[in-house]
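Colleague: This is the structure I want to talk about, given as structure tokens.
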Amino acid sequence: MPDPGQTVLEVRNLKTVFQTRGGEVHAVNDVSFELRPGELLGVVGESGSGKSVTMMSLLKLLPIPPAEIRSGTVKFDGKDLLRVDADTLRAVRGGKIGFVFQDPMTSLNPVFTVGMQLMEPLRKHMGLSKSAARTRARELLELVGIPDAARRLKDYPHQFSGGMRQRVMIAIALACDPKVLIADEPTTALDVTIQAQIIELMKELQERLGMAVIWITHDLGVIAGIADRVLVMYGGQIVEQAPVRELFANPRHPYTAALLKTVPSVRGARADRLTIIEGQPPILNAAPAACPFRDRCERRIERCARENPAREPVGPGHDAACFVAAAEVESAHV
Amino acid sequence: MLTYVIRRLLMAIPTLIFISLIIFLLLDLAPGDPTSQLPLTIPDEVRQQIRESLGLGQPVHIRYWKWLTQMVYYEPAYYLSQATGWFDPPEVARMLSWQTRAPVMDIILERLPQTLRVVGLAYVVGVLIALPIGIISAYRQYSVFDQAGTFVSMIGYSIPPFFSGVLMIVIFSVGMPRDSFWWFPSVYDTTLKVVDWETFWKQVRQMVLPVMVLALQTTAQISRFMRASMLDNLGQDYVRTARAKGLTESVVVMKHVLRNSMIPVVTVIALGVPAIFGGAIITEQIFKVNGIGQFLIISIQASDVPSVQTLTFIFAVLIVLFNLIADVLYGILDPRIRYD
Ligand SMILES: Nc1ncnc2c1ncn2[C@@H]1O[C@H](COP(=O)(O)OP(=O)(O)OP(=O)(O)O)[C@@H](O)[C@H]1O
Ligand SMILES: [Mg+2]
């Protein structure tokens with residue numbers, strides 16, 4: 001079980017902005033969270049809520065320009081990753097922090113063999129010789145469940161199916177025994193059976209290797225099954241944070257509550273029970289001066305249009321950025 | 001791959017036969033008379049005799065067949081026997097230029113080295129300059145370097161060699177004092193023999209202007225192409241993966257991105273090779289380089305039909321051949337392409 005006292009990764013007040021032709025896009029607004037050793041942290045939120053941009057900002061993997069990391073700190077190993085020199089950052093990338101990207105079909109280089117792409121980080125970070133790297137690459141492919149690994153090292157990405165490519169991506173991310181693995185929707189592009197296999201595999205690897213994992217997904221079902229703790233993102237902000245059971249039992253933010261209602265429950269689910277959240281996601285063209293969810297919120301009060309709520313504790317290890325929820329907790333205590 | 005190449009080569013045969021027919025018929029229909037350059041005092045009967053002695057009296061299909069067999073069989077056989085001595089040369093008269101009465105193939109082979117030296121070198125120089133420009137322009141998109149590169153390419157694209165060539169002559173041959181380092185000869189001296197350092201240096205200097213004019217064009221085109229291809233690839237997801245693995249920028253760009261970007265560029269470079277012979281026609285004329293481009297111009301002016309037909313056909317063969325080479329290179333560079 002994760003130790004609540006320590007953190008491996010601590011993100012404070014991260015702000016990322018894109019300069020586009022149509023003006024600025026404030027994709028990540030004042031995001032703070034921490035990751036504890038051995039923990040699986042789920043990140044959910046609708047499309048465009050800033051999940052990928054947040055995680056890529058941590059390792060400065062966004063194209064600069066158009067992206068710009070305005071402010072924030074990312075503490076890892078006693079250093080601020082946003083301010084370390086290029087060499088230190090490169091030692092972390094692919095070494096201590098592995099990254100699995102959203103789209104397995106395009107994330108591998110089409111003109112190099114899978115073996116070469118897998119051996120690259122091994123040689124760079126672990127200083128392995130060519131033959132040692134090849135042996136380890138074969139082991140990694142076996143670890144992620146690719147049959148006939150020795151032969152497949154010589155194959156090119158197009159010779160692998162989508163699910164197999166995602167496994168290769170996971171193998172690359174795991175290559176140097178990272179302390180942290182960031183997996184950006186590692187299963188979205190896959191069909192359900194492969195999805196289940198990959199989830200199973202990741203969970204097993206996480207326990208075996210004892211690393212902390214950040215798992216981004218749209219799929220609340222997956223989160224319920226594997227996460228220890230969950231961040232809910234909306235409009236470039238973290239609107240709620242809680243241990244997984246607490247969140248599903250007791251969603252405090254109206255967005256989270258609505259999000260949970262969109263999931264058809266397994267027992268007696270009918271199409272008419274499937275709700276959608278009315279309205280449009282917010283336009284992120286300025287730093288938010290009000291609650292980003294207010295236009296779609298059923299419980300909004302007048303204050304929501306004037307101020308952007310900060311996250312306040314609303315339960316054990318549970319906080320939410322909502323005036324209404326905070327007031328409820330307050331009154332319950334009095 | 002080998003079966004693919006053989007299949008393509010076989011497919012090229014009907015294509016080339018068709019092209020040869022078109023070339024032959026078009027030039028046969030073209031106005032112009034081999035005797036038009038002869039003095040006006042020659043009487044008409046004599047002119048008619050000359051025409052008949054050149055084989056012009058025969059029907060067109062006979063003449064076509066003679067020309068085709070000569071070109072694809074007898075001439076190669078002649079050179080093969082000359083080179084190896086394995087068999088006697090074929091007992092058919094060589095194809096002669098109407099203008100000089102020398103074998104057309106001999107003239108072409110004699111002139112080819114000049115063309116290759118000037119035009120070929122210009123192409124190599126142009127490509128070698130273009131690739132780094134394209135890479136840096138893309139990596140530093142919208143930087144001062146990129147803007148300058150765009151400007152130079154625009155010039156290279158929009159100014160034809162017959163203008164830039166003359167401009168070069170005006171600046172470097174006319175405008176510079178004769179003893180200055182920046183003075184370059186405007187006339188290419190083919191009789192120059194490289195025997196020592198001094199003549200070598202002279203040879204280099206007389207190649208500077210024509211090479212510069214031709215290289216400007218090549219550089220403009222290839223550097224734009226390289227830039228576009230690099231930009232295409234720099235935005236790809238696999239580049240982010242490479243960075244996320246902790247690779248240095250030089251490895252990311254010069255290995256991962258470049259290897260992908262070179263695929264279309266290599267193809268374009270290969271496809272451009274036959275075009276350089278065509279492009280050389282004007283530049284050779286300006287700098288008096290007696291290569292095959294200049295030969296084509298002279299032959300056209302003299303209505304020297306066999307020479308024009310042969311040169312045109314050789315260009316056609318080069319185009320078909322380099323198309324095949326481009327396709328094969330594509331298949332070698334891109335593992336996703338399989339031809340068989
Ligand atoms: N290169 C870019 N230029 C401009 N805006 C961008 C760029 N990349 C992302 N954005 C914007 O940043 C915001 C957050 O995008 P992000 O990719 O993080 O969403 P996400 O939560 O990962 O969504 P999904 O679930 O669809 O992956 C979006 O509004 C998006 O339009
Ligand atoms: Mg995303």
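The values are calculated or read from the model by the stated rules, or taken from the named source; none is laboratory data. Worth saying up front: this structure is predicted, and the values here are computed from it rather than measured. Quick reminder, even Gly has a Cβ in these numbers, built from the backbone with ideal geometry, and neighbours come from all protein chains shown. Just the protein is used for accessible areas: all its heavy atoms, side chains included, with ligands, DNA and RNA removed. Shrake-Rupley method; radii C 1.70, N 1.55, O 1.52, S 1.80 Å.
Colleague: Of the residues B:331, B:293, B:272, which single one is modelled with pLDDT under 85 and either in a helix (DSSP H, G or I) or out of contact with any helix residue (DSSP H, G or I) (no Cβ under 6 Å at 6 or more places or on another chain) (or both)?
Modeller: B:331
Colleague: Looking at (1) of a type outside the set (Ser, Thr, Tyr); (2) in a strand (DSSP E or B); (3) within 16 Å of ligand 2 (Cβ to nearest atom), which one does residue A:239 not meet, given that it meets all the others?
Modeller: Against the list (1) of a type outside the set (Ser, Thr, Tyr); (2) in a strand (DSSP E or B); (3) within 16 Å of ligand 2 (Cβ to nearest atom), residue A:239 comes up short only on (3).
Colleague: Still on this structure: Any residue that is within 13 Å of ligand 2 (Cβ to nearest atom), out of contact with any Phe, Trp or Tyr (no Cβ under 6 Å at 6 or more places or on another chain) and at pLDDT below 90 - is there at least one of those in the stretch A:62-82?
Modeller: Within the stretch A:62-82, the first condition is being within 13 Å of ligand 2 (Cβ to nearest atom), and the residues that meet it are A:62.
With the extra rule that they be out of contact with any Phe, Trp or Tyr (no Cβ under 6 Å at 6 or more places or on another chain), the set shrinks to A:62.
Now narrow it down to the ones that are at pLDDT below 90: A:62.
Looking through the stretch A:62-82, at least one residue is within 13 Å of ligand 2 (Cβ to nearest atom), out of contact with any Phe, Trp or Tyr (no Cβ under 6 Å at 6 or more places or on another chain) and at pLDDT below 90.
Colleague: Let me ask another. Checking the structure you have, find out if any residue of the stretch A:114-125 is open to solvent by 10 Å² or more (accessible area, probe 1.4 Å), in a loop (DSSP other than H, G, I, E, B) and either away from ligand 2 (no atom under 16 Å from the Cβ) or of a type in the set (S, T, N, Q) (or both). Even if it seems obvious, please write down each step before you answer.
Modeller: First, the residues of the stretch A:114-125 that are open to solvent by 10 Å² or more (accessible area, probe 1.4 Å): A:116, A:119-120, A:123-125.
Restricting the remaining residues to those that are in a loop (DSSP other than H, G, I, E, B) gives none.
Checked the stretch A:114-125: no residue is open to solvent by 10 Å² or more (accessible area, probe 1.4 Å), in a loop (DSSP other than H, G, I, E, B) and either away from ligand 2 (no atom under 16 Å from the Cβ) or of a type in the set (S, T, N, Q) (or both).
Colleague: Which members of the stretch A:74-85 meet the condition of being among the basic types (Lys, Arg) and either surrounded by 16 or more Cβ atoms within 10 Å (Cβ to Cβ) or facing chain B (nearest Cβ under 8 Å) (or both)? So that I can check it myself, show each step before the final result.
Modeller: Restricting attention to the stretch A:74-85, the residues satisfying the condition of being among the basic types (Lys, Arg) are A:75, A:79, A:83.
Result: A:75, single match.
Colleague: While we're here: For the stretch A:49-73, which positions are open to solvent by less than 60 Å² (accessible area, probe 1.4 Å), more than 14 Å from every other protein chain (Cβ to nearest Cβ) and within 16 Å of ligand 1 (Cβ to nearest atom)? Break it down stepwise before answering.
Modeller: Here is the first cut: in the stretch A:49-73, the ones open to solvent by less than 60 Å² (accessible area, probe 1.4 Å) are A:49-59, A:61-62, A:66-67, A:69, A:71-73.
So of that shortlist, the ones also more than 14 Å from every other protein chain (Cβ to nearest Cβ) come out as A:49-51, A:54, A:69, A:71-73.
Across the stretch A:49-73, the qualifying residues are A:49, A:50, A:51, A:54, A:69, A:72.
Colleague: A further question on this structure: Consider residue A:32 against the criteria (1) away from every other protein chain (no Cβ under 14 Å); (2) within 16 Å of ligand 2 (Cβ to nearest atom); (3) more than 28 Å from residue B:143 (Cα to Cα): it satisfies all of them except one. Which criterion is unmet?
Modeller: (2)
Colleague: Just the residues that are in contact with a helix residue (DSSP H, G or I) (Cβ under 7 Å, 6 or more places away or on another chain) and farther than 19 Å from residue A:202 by Cα, please, taken from the stretch A:135-154.
Modeller: A:150, A:152, A:153, A:154
Colleague: Can you go through A:171, A:137, A:175, A:183 and tell me which one is within 16 Å of ligand 1 (Cβ to nearest atom) and buried (at least 19 other Cβ atoms within 10 Å of the Cβ)? Write out each step before concluding.
Modeller: Working: A:171 fails: within 16 Å of ligand 1 (Cβ to nearest atom); A:137 fails: within 16 Å of ligand 1 (Cβ to nearest atom); A:175 fails: within 16 Å of ligand 1 (Cβ to nearest atom).
It is A:183.
Colleague: Still on this structure: Checking the condition of a type outside the set (A, V, I, L, M), open to solvent by 50 Å² or more (accessible area, probe 1.4 Å) and under 20 Å from residue B:312 (Cβ atoms), which residue from B:76, B:39, B:43, B:89 passes? Step through it out loud before you land on a result.
Modeller: Working: B:39 fails: under 20 Å from residue B:312 (Cβ atoms); B:43 fails: under 20 Å from residue B:312 (Cβ atoms); B:89 fails: under 20 Å from residue B:312 (Cβ atoms).
One residue alone meets the criteria, B:76.
Colleague: Select the helices (runs of 4 or more DSSP H) contained entirely in the stretch B:95-198, then report the ones holding at least 2 residues which are within 30 Å of residue B:52 (Cβ to Cβ) and open to solvent by less than 50 Å² (accessible area, probe 1.4 Å).
Modeller: Working: elements: B:104-115, B:121-139, B:144-158, B:161-168.
Ranges flagged: B:104-115.
Colleague: Among the residues of the stretch A:86-108, are any part of a loop (DSSP other than H, G, I, E, B), within 24 Å of residue A:220 (Cα to Cα), within 14 Å of ligand 2 (Cβ to nearest atom) and more than 9 Å from chain B (Cβ to nearest Cβ)?
Modeller: First, pick out the residues of the stretch A:86-108 that are part of a loop (DSSP other than H, G, I, E, B): A:94-96, A:101-108.
When the remaining residues are screened for being within 24 Å of residue A:220 (Cα to Cα), the result is A:101-105.
Still in the list and also within 14 Å of ligand 2 (Cβ to nearest atom): A:101-104.
Of the ones still in play, those that are also more than 9 Å from chain B (Cβ to nearest Cβ) are A:104.
Among the residues of the stretch A:86-108, at least one is part of a loop (DSSP other than H, G, I, E, B), within 24 Å of residue A:220 (Cα to Cα), within 14 Å of ligand 2 (Cβ to nearest atom) and more than 9 Å from chain B (Cβ to nearest Cβ), which makes the answer yes.
Colleague: A further question on this structure: With respect to residue A:144, determine if the residue is touching a strand residue (DSSP E or B) at 6+ places or on another chain (Cβ under 6 Å) and open to solvent by less than 10 Å² (accessible area, probe 1.4 Å). Walk me through how you get there before you give the answer.
Modeller: On the way: touching a strand residue (DSSP E or B) at 6+ places or on another chain (Cβ under 6 Å): no; open to solvent by less than 10 Å² (accessible area, probe 1.4 Å): yes.
It is false that residue A:144 is touching a strand residue (DSSP E or B) at 6+ places or on another chain (Cβ under 6 Å) and open to solvent by less than 10 Å² (accessible area, probe 1.4 Å).
Colleague: Would you pick out the residues in the stretch B:1-27 that are under 25 Å from the mean Cα position of the chain (by Cα) and not aliphatic (A, V, I, L, M)? Let's see the steps before the verdict.
Modeller: Initial filter on the stretch B:1-27 (under 25 Å from the mean Cα position of the chain (by Cα)): B:5-6, B:8-27.
Those that are under 25 Å from the mean Cα position of the chain (by Cα) and not aliphatic (A, V, I, L, M): B:8, B:14, B:15, B:18, B:20, B:24.
Colleague: Among the candidates A:281, A:264, single out the residue that is within 16 Å of ligand 2 (Cβ to nearest atom) and modelled with pLDDT under 80. Don't jump to the end; show me each part of the working.
Modeller: On the way: A:264 fails: within 16 Å of ligand 2 (Cβ to nearest atom).
That would be A:281, the only listed residue that is within 16 Å of ligand 2 (Cβ to nearest atom) and modelled with pLDDT under 80.
Colleague: List the helices (runs of 4 or more DSSP H) inside the stretch A:126-174, counting only whole elements, that have at least 3 residues being touching a Gly at 6+ places or on another chain (Cβ under 7 Å). Quick ask: steps written out before the conclusion?
Modeller: Details: elements: A:130-143, A:149-152, A:162-174.
The qualifying helices (runs of 4 or more DSSP H) are A:162-174.
Colleague: Go through the stretch A:106-127 residue by residue and tally those that are more than 19 Å from residue A:179 (Cβ to Cβ) and touching a helix residue (DSSP H, G or I) at 6+ places or on another chain (Cβ under 6 Å). Step through it out loud before you land on a result.
Modeller: Of the residues in the stretch A:106-127, the ones more than 19 Å from residue A:179 (Cβ to Cβ) are A:106-120, A:123.
With the extra rule that they be touching a helix residue (DSSP H, G or I) at 6+ places or on another chain (Cβ under 6 Å), the set shrinks to A:106-111, A:114-115, A:118-119, A:123.
Qualifying residue count for the region: 11.
Colleague: Taking the conditions exactly as written (within 16 Å of ligand 1 (Cβ to nearest atom), open to solvent by 50 Å² or more (accessible area, probe 1.4 Å), out of contact with any Gly (no Cβ under 8 Å at 6 or more places or on another chain) and farther than 25 Å from residue A:126 by Cβ), does residue A:46 satisfy them or not?
Modeller: Values: within 16 Å of ligand 1 (Cβ to nearest atom): yes; open to solvent by 50 Å² or more (accessible area, probe 1.4 Å): no; out of contact with any Gly (no Cβ under 8 Å at 6 or more places or on another chain): yes; farther than 25 Å from residue A:126 by Cβ: yes.
Answer is no for this residue.
Colleague: Of the residues A:54, A:16, A:7, which is β-branched (Val, Ile, Thr) and assigned to a helix (DSSP H, G or I)? Show your work before the answer.
Modeller: Working: A:16 fails: assigned to a helix (DSSP H, G or I); A:7 fails: assigned to a helix (DSSP H, G or I).
After ruling out the rest, the residue left standing is A:54.
Colleague: Quick check, is residue A:113 among the polar types (S, T, N, Q) and under 30 Å from residue B:232 (Cα atoms)?
Modeller: Numbers: among the polar types (S, T, N, Q): yes; under 30 Å from residue B:232 (Cα atoms): yes.
Yes; evaluated as a whole, the condition is true for this residue.
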